[in-house]
Amino acid sequence: MRPLHCLLFLAALVLAGCGRSEANRPGAAAPAPAGAGGLVFTAVDAPAAPGSGMPNLTSTGDGGVLMSWIAPGTDTAWALRFARLDGTAWSEPRTIATGDDWFVNWADFPSIVALGEGRLAAHYLEKSSDASPYAYDVRIVQSRDGGATWSAPRTPHRDGTPTEHGFVSLMPGPDGHLRAVWLDGRRTGGGHDGHGGGAMTLRTATIGPDGALADEAELDARICDCCQSGGARTASGFLVAYRDRSDTAPEIRDIATVRHDGTGWSAPARVHADGWELEGCPVNGPVVAADGARAAVAWFTAAGDTPRVRIAFSEDEGATFAAPIEVDDGAPIGRVDAVLLPGGDALVSWVERTDDGAAIRIRRVAPDGRRAPSQTVAPTSPARASGFPQLARQGDRLVLAWTEAADPARLHTAVAAL
């Protein structure tokens with residue numbers, strides 16, 4: 001689990017955002033039929049065993065979608081597994097890695113990415129010290145044969161400190177290289193949110209097909225310490241979004257980006273000046289979607305004590321962004337994801353507070369500000385155990401994955417024609 005101040009803030013925000021009691025209601029197994037949003041979601045049996053959760057989705061570029069998730073291990077405590085969706089069914093699941101000493105957290109979940117020509121990469125988190133519950137390292141493995149076999153794990157950071165390293169974004173790079181971006185606590189001294197040490201930083205490196213590290217860099221020296229990073233490959237490089245943290249009081253924790261233009265990294269720049277004053281971490285990071293020069297960043301904010309989900313579009317790989325567009329229905333919890341559509345619109349998913357607990361909602365948003373009516377895809381729980389719903393586009397279909405906060409937890413997937 002994350003530091004106590006993060007968890008307390010999240011609970012307070014959920015209560016303040018809608019004035020209703022906190023209830024850990026499990027999500028439903030089946031998605032809702034078509035609503036005002038017009039998408040018809042059909043349930044697809046997930047290949048994950050009961051007790052699984054923390055799904056991650058990624059498009060392969062050849063018409064498929066990959067899903068990774070954490071499952072109970074057979075001979076170990078944990079197993080990272082994955083499957084591929086081709087057509088209307090998931091393949092038989094395969095195991096990426098197993099372990100007894102993993103750091104497993106509802107918000108800091110593993111991921112998988114396709115690198116082309118049958119090559120895959122995935123990451124998970126491994127504890128690095130028995131002395132600190134928040135000391136863990138990033139472990140990255142690669143496959144050359146579509147996931148039949150996996151390499152020995154590689155750690156993209158070389159500081160060797162017993163501190164936090166996580167909230168990873170993996171992106172396919174040129175020449176078969178993998179770009180990794182992560183939150184790095186090497187300057188915190190094992191403290192949280194900068195207390196007892198320095199601040200959390202944002203760092204990056206590339207990992208070659210042979211596991212060699214290169215292009216190691218610090219991208220931002222002071223950032224929010226427990227929000228996910230988001231990243232995507234653009235026409236000429238990469239666009240990375242994260243929750244920043246100002247140097248002076250009052251602390252402002254708005255969304256910032258850095259860009260790689262093929263030759264080097266830009267300085268950090270805010271997507272929009274929300275002005276969210278906050279002494280603590282909301283555990284609610286941004287997402288990035290990109291297609292060539294077009295890009296979009298979606299995020300959660302509670303600036304002015306008003307929870308909102310927003311999206312901002314860019315036509316120049318994130319160098320500039322248009323004014324943000326409001327996405328939510330007035331009581332969002334956050335936990336956003338987004339995909340770009342061929343025509344330039346975006347589909348955004350988020351978790352919205354409801355009278356019965358919470359719901360996974362989706363809305364189509366155009367760069368000019370036009371918004372389709374929102375659609376409830378499935379009921380869910382506001383509890384941390386329900387995690388972060390995931391979106392991916394598979395050609396002319398949308399794929400959604402989420403965790404049902406039941407006992408045991410269950411993983412669900414659904415598809416809709418666009």
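The values are calculated or read from the model by the stated rules, or taken from the named source; none is laboratory data. If you're wondering where the values come from, they're calculated on a predicted model, not measured in any experiment. Reconstructed Cβ throughout: ideal geometry from the backbone, glycine too, with neighbour counts over all protein chains shown. Side chains are part of the model used for accessible areas, which takes the heavy atoms of the whole protein and leaves out ligands, DNA and RNA. Shrake-Rupley method; radii C 1.70, N 1.55, O 1.52, S 1.80 Å.
Residues of segment 212-228 that are open to solvent by 10 Å² or more (accessible area, probe 1.4 Å) and either touching a residue at least 40 places away in the same chain (Cβ under 8 Å) or of a type in the set (G, A, S) (or both): A212, L213, A214, E216, A217, L219, D220, A221, Q228. Across segment 47-55, a minimum of one residue is classified as in contact with a Gly (Cβ under 9 Å, 6 or more places away or on another chain) and open to solvent by 20 Å² or more (accessible area, probe 1.4 Å). Contact annotation: residue pairs with Cβ atoms under 9 Å, 6 or more positions apart or on different chains, pairing a residue in segment 118-143 that is under 21 Å from D62 (Cβ atoms) and at pLDDT below 95 with a partner that is open to solvent by less than 30 Å² (accessible area, probe 1.4 Å) and part of a strand (DSSP E or B), are G118/S143. Take S151 and decide whether it is of a type in the set (G, A, S) and at pLDDT 95 or above. Judged against the criteria, S151 is a match.
Can you spot a residue in segment 179-187 that is of a type in the set (K, R), out of contact with any Leu (no Cβ under 8 Å at 6 or more places or on another chain) and in a loop (DSSP other than H, G, I, E, B)? Yes - at least one qualifying residue is present in segment 179-187.
Might you check whether a residue that is of a type in the set (F, W, Y), part of a loop (DSSP other than H, G, I, E, B) and crowded, with 23+ Cβ neighbours inside 10 Å occurs anywhere in segment 109-124? For segment 109-124, residues of a type in the set (F, W, Y), part of a loop (DSSP other than H, G, I, E, B) and crowded, with 23+ Cβ neighbours inside 10 Å: present. E216 satisfies every condition listed in (1) more than 12 Å from L202 (Cβ to Cβ); (2) in contact with a Lys or Arg (Cβ under 8 Å, 6 or more places away or on another chain); (3) assigned to a loop (DSSP other than H, G, I, E, B) except (3). Evaluation of S381 against the conditions (1) open to solvent by 20 Å² or more (accessible area, probe 1.4 Å); (2) in contact with a strand residue (DSSP E or B) (Cβ under 8 Å, 6 or more places away or on another chain); (3) modelled with pLDDT of 95 or more; (4) not β-branched (V, I, T) shows that the sole unmet condition is (1). Tell me, yes or no, whether segment 127-145 has at least one residue that is assigned to a loop (DSSP other than H, G, I, E, B), open to solvent by 40 Å² or more (accessible area, probe 1.4 Å) and within 30 Å of G395 (Cβ to Cβ). The answer is yes, given that some residue of segment 127-145 is assigned to a loop (DSSP other than H, G, I, E, B), open to solvent by 40 Å² or more (accessible area, probe 1.4 Å) and within 30 Å of G395 (Cβ to Cβ). For segment 77-102, a residue qualifies if it is within 18 Å of A152 (Cα to Cα) and either touching a Lys or Arg at 6+ places or on another chain (Cβ under 9 Å) or exposed (fewer than 14 other Cβ atoms within 10 Å of the Cβ) (or both), and the qualifying residues are R81, F82, R94, T95, I96, A97, G99, D100, D101, W102. Residues that are open to solvent by less than 30 Å² (accessible area, probe 1.4 Å) and either part of a loop (DSSP other than H, G, I, E, B) or within 14 Å of T204 (Cα to Cα) (or both) within segment 252-264 comprise R253, D254, T257, V258, H260, G264, listed in sequence order.
Considering every residue within segment 235-243, establish whether at least one is out of contact with any strand residue (DSSP E or B) (no Cβ under 7 Å at 6 or more places or on another chain) and either under 25 Å from S314 (Cβ atoms) or among the small types (G, A, S) (or both). The answer is yes, given that some residue of segment 235-243 is out of contact with any strand residue (DSSP E or B) (no Cβ under 7 Å at 6 or more places or on another chain) and either under 25 Å from S314 (Cβ atoms) or among the small types (G, A, S) (or both). Contact map, segment 323-342: first residue over 11 Å from W299 (Cα atoms) and touching a residue at least 12 places away in the same chain (Cβ under 8 Å), second residue in a strand (DSSP E or B) and polar (S, T, N, Q), Cβ cut-off under 9 Å, separation 6 or more or different chains; pairs are A331/T354; V339/S59; V339/S349. Taken as a whole, segment 352-359 holds no residue that is in a strand (DSSP E or B), open to solvent by less than 10 Å² (accessible area, probe 1.4 Å) and either within 25 Å of D86 (Cα to Cα) or aromatic (F, W, Y) (or both). Looking across segment 76-117, the residues that are without any contact (Cβ under 8 Å) to a residue 24 or more places away in the chain and within 30 Å of A417 (Cβ to Cβ) come down to D86, G87. Among the residues of segment 316-344, what is the count of those that are surrounded by fewer than 20 Cβ atoms within 10 Å (Cβ to Cβ) and acidic (D, E)? Total satisfying the criteria: 3. Within segment 64-72, the presence of a residue that is touching a residue at least 40 places away in the same chain (Cβ under 8 Å), assigned to a loop (DSSP other than H, G, I, E, B) and open to solvent by 10 Å² or more (accessible area, probe 1.4 Å) is excluded.
Being among the basic types (K, R), closer than 30 Å to A135 by Cα and open to solvent by less than 10 Å² (accessible area, probe 1.4 Å) is the requirement here; does R270 meet it? So R270 fails the test. Please find, among R179, R186, R158, the residue that is within 21 Å of L219 (Cα to Cα) and surrounded by fewer than 19 Cβ atoms within 10 Å (Cβ to Cβ). Being within 21 Å of L219 (Cα to Cα) and surrounded by fewer than 19 Cβ atoms within 10 Å (Cβ to Cβ) holds for just one of R179, R186, R158, which is R158.
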